[in-house]
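The values are calculated or read from the model by the stated rules, or taken from the named source; none is laboratory data. None of these values were measured; they are calculated from a predicted model. All Cβ positions, glycine included, derive from the backbone under ideal geometry; neighbour counts span all protein chains shown. These area figures cover heavy atoms from the full protein model, side chains too; ligands, DNA and RNA do not enter into them. Shrake-Rupley method; radii C 1.70, N 1.55, O 1.52, S 1.80 Å.
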Amino acid sequence: MMKFLKEWGLFLFIIIAILLSRVFLWSLVVVDGHSMDPTLADKERLVIVRKSTINRFDIVVAKEETADGSTKDIVKRVIGMPGDTIKFDHDQLTINNKVYPENYLKDYQKQLADGQLEKTYGKYPLTNALSEQNRSLFVSLAQSTKAFTTDSTGNPTFTVKVPEGQYFLMGDNRVVSQDSRAVGTFKRSAVVGEAKLRVWPLNKISFF
């Protein structure tokens with residue numbers, strides 16, 4: 001037994017440490033859909049850290065309740081912190097009377113302004129997560145939207161007061177993302193963790 005422990009003890013310790021950290025500290029999540037394009041693409045794989053302080057503009061995974069009472073994991077960006085007052089006015093974001101640039105939106109914002117975003121949506125590949133009907137809806141939304149970021153009714157100017165203990169989450173692909181604008185804010189307990197690392201595809205491995 002002692003011989004076995006000497007030869008394999010360190011290896012077993014490392015394996016056990018990895019397994020325990022996998023259970024309690026981190027996990028792998030697959031991006032499902034196009035709500036975070038172009039920052040994160042459908043089917044990309046992320047490492048999330050469970051025990052992490054949530055900050056504004058972090059990319060997080062949260063549990064969203066569905067119509068049938070079950071939950072699903074969603075990947076979104078934290079825009080509003082507890083108690084924040086958020087205002088959008090034709091794509092200008094103001095939080096607590098301070099203007100914040102959203103540089104991560106510039107690519108699709110430019111495409112929308114140039115009339116190219118509908119073409120980008122039209123090239124999305126059909127998958128289990130994206131039907132022909134939904135792709136056509138994306139194209140229609142790009143054609144009709146009044147701004148890249150609107151509220152759930154299509155208004156380009158809106159204000160949200162985030163309740164204490166809640167977080168306002170939004171996808172980067174604002175025209176098509178279903179997020180806090182439609183489903184409401186999220187409790188801290190619903191935020192599973194923060195995305196720290198993209199591990200797939202291999203040519204896009206990167207830290208956030």
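Compute the normalised compactness of segment 48-116: alpha-carbon radius of gyration over 2.2 N^0.38 Å, N being the residue count.
1.38
Please compute the volume of the convex hull spanned by the alpha-carbon atoms of segment 82-142 and report it per residue in Å³.
124
Rounded, prolate or oblate: which fits segment 34-75 when a ≥ b ≥ c are the square roots of the eigenvalues of the alpha-carbon gyration tensor, with rounded for a/c under 1.5 and prolate only if a/b beats b/c?
Here segment 34-75 falls in the oblate category.
Taking square-rooted eigenvalues a ≥ b ≥ c of the alpha carbon gyration tensor, is segment 150-208 rounded, prolate or oblate, where a/c under 1.5 means rounded and, failing that, a/b exceeding b/c means prolate?
oblate
Of LEU141, THR85, LEU46, which is farthest towards the positive pole of the chain's charge dipole, taken about the Cα centre with +1 and -1 on the beta-carbons of Lys, Arg and Asp, Glu respectively?
So the residue we want is LEU46.
Using packing as a proxy for protection, rank 121-129, 161-169 so that the peptide with the highest average count of other Cβ atoms within 10 Å comes first.
For the peptides 121-129, 161-169, the packing ranking is 161-169, 121-129.
Could you work out which residue, out of SER152, SER177, SER189, moves most in a Gaussian network model of the chain, that is, has the largest mean-square fluctuation with Cα springs under 10 Å?
Maximum among the listed residues: SER189.
Below 10 angstrom from the Cβ of ARG181, what's the summed charge of the other residues (Lys, Arg +1; Asp, Glu -1)?
Summing Lys/Arg as +1 and Asp/Glu as -1 gives -1.
Placing +1 on the Cβ of each Lys and Arg and -1 on the Cβ of each Asp and Glu in the chain, which of SER152, ILE205, ASN128 has its Cα farthest towards the positive end of the resulting dipole?
With unit charges placed on the Cβ atoms, the residue in question is ILE205.
Where Rh is the Kirkwood radius over the Cα pairs of segment 43-190, the temperature 25 °C and the viscosity 0.890 mPa s, what D in µm²/s does Stokes-Einstein return?
150
Report, to the nearest 10°, how far helix 2-24 tilts away from the longest principal axis of the Cα atoms in the chain, using its own Cα long axis and a range of 0 to 90°.
It is inclined by approximately 20 degrees.
What nm value, rounded to one decimal, do you get for the distance between ALA129 and ILE205 when each label is placed 7 Å out toward the C-beta?
Distance between the two pseudo-spin positions: 2.2 nm.
Gap in Å between the Cα centre of segment 120-143 and the Cα centre of segment 56-91?
Between the Cα centre of segment 56-91 and that of segment 120-143, the gap is 22 Å.
Would you tell me the accessible area of MET170, worked out with a 1.4 angstrom probe on the heavy atoms of the protein chains, in Å² to the nearest 10?
Ignoring ligands and nucleic acids, MET170 comes out at about 0 Å².
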